[in-house]
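Below is one structure, written out as structure tokens; comments come after it.
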Amino acid sequence: MARAQARFACQQCGAVHPKWTGRCDGCGAWNSLIEELPREALPSGLGKGRVDRRGGRALGFVGLTGPSILPPRRQTGIAEFDRVCGGGFVPGSAILVGGDPGIGKSTLLLQAAAAIAPRSGLSSGQTASAAYITGEEAIDQVRLRAERLGVAASSVLLAAASNVRDIIASLDREDAPGLVVIDSIQTMYLDTLDSAPGTVSQVRAAAQELIRVAKRRGFVLVLVGHVTKEGVIAGPRVLEHMVDTVLYFEGERGHQFRILRAVKNRFGATDEIGVFEMSDCGLVEVPNPSALFLAGRPTAGEEVVGENAPEGSSAGQVSGSAVFAGMEGTRPVLVEVQALVAPALLGTPRRAVVGWDGTRLAMITAVLDARCGLSVGANDIYLNIAGGLRIVEPAADLAVAAALVSALRETPVPADTVVFGEIALSGDVRPVGHTEARREPAAAAGLETVAIGHLGELVERLAPRRTPRKQPLDRRRIGVAS
Ligand code: TYD
Ligand code: MG
């Protein structure tokens, strides 16, 4: 049989070329041409209904109102997961879970499948199961993990497969499972395409076929996608457009906590996160993330005594640390900002920033120097967001400034203080969104709120100029070994 004429489409601009070249003539992009085989026959299904002479069918338009039956969401019972999905899985929807290799995607989805498997069997009309199809691991590996997670007894259907044709043959039936996990989409291939698994055309075509079956049979399809070094799901984001929901699983490898973040959701809010902790027996929900991020920090009233008490510490407090009232999704989260300011030994002061934007730090030091008469910028500065969290909110400006001032003046920020606010170049402090929600944890602890209009007020409040060094504001100096 003669092979259909191949054509090469640029993945950047869409230009079609009859031959492969290294560089697209249309947009100049390098290495962006991918082979595409044209469809020989019209898709089946065409030809029914009123067909005009171009072969199209007239659409039956409807109004915006009308009976719409949304089937009830399917909950996993893992509350953090359900929240990120907007209150549970929507039947017939496709969800992409992206993340770095080894972050815990397979673990999370096996737990979710196991959680849903026995429960969905109870609802009337629905089949009893969830299926987990792995293209990456062997059956034994998954079984071992299931045992470790304590879910080996659940009724999850397990299969090791990577041929989409086989998978569809098993799923395209009346009694399809309620949840299907494909781990991962990069290992799946369609035998009708020549390209290797993991290439754009394979990933796109395999996902398209699977999503079509999910919509037809009404099961929830979860696709696992690996993220490339550049931070995009391989197959230049093609998948993100095809699925209903995109979740990213992120976190620092060396830290225990993991965050599941919704970046796109056709059935819910996108600013929701779920926080998990990786433990010996899988991922454990963290309903109160603040406790995790503030772990190890002495609470108000605790005292650091003895030889280990650091210089400048008082009532359990070390200088250079401030608690920021941040927002993760719709939830307030308390995070510790740590700063260390040391005289620069070499000509150019060093800056090392973890979990926060270096440019923003430069801006805040400049504002502190220019508007408050301090000399922070001439020193080496080390800034760290404790717990491995990455903060992108400008609302953390004031907490960073508080940590810097506290470190510079070697004066602890009072232990029961949380700080938030955006700093303008003039030194003015601007209000930020979600003020009420940010205040919530502090208000629950019975703390009062102090409004700060200018950065100078913060400096004055934390470390008044006339206060002798190392003498904390309105606290007795105690606990340092004599
Ligand atoms: P995995 O789910 O395989 O990651 P992904 O599918 O995203 O590549 O998780 C791998 C890591 O999780 C691995 O380094 C071991 C760790 N892990 C635990 O710490 N505890 C556990 O109970 C499990 C199952 C895994
Ligand atoms: Mg995996």
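Worth a mention:
- Between amide H atoms placed 1.01 Å from N, distances below 5 Å from GLN317 occur with VAL304, all of them 5 or more places distant or on a separate chain.
- Distant-in-sequence amide contacts of LEU158, defined by a placed amide H-H separation under 5 Å and a gap of 5 or more residues or a different chain, comprise TYR132.
- Taking a sphere under 15 Å around the Cβ of PHE267 and counting the other residues whose Cβ falls inside, with K and R at +1 and D and E at -1, yields a net charge of +2.
- Estimated vicinal HN-Hα couplings, Hz - the stretch 375-392 in sequence order (Karplus 6.51, -1.76, 1.60; Gly, Pro = x): 10, 7, x, 6, 9, 5, 10, 10, 10, 9, 9, 5, x, x, 6, 10, 9, 10
- Computed over the stretch 125-176, relative contact order equals 49 percent, with contacts defined as Cα pairs under 8 Å that lie 6+ residues apart.
The numbers here are math on the coordinates, done by the rules we state, and not lab data. None of these values were measured; they are calculated from a predicted model. Every residue, glycine as well, gets a Cβ built from its backbone with ideal geometry; the counts of neighbours run over all protein chains shown.
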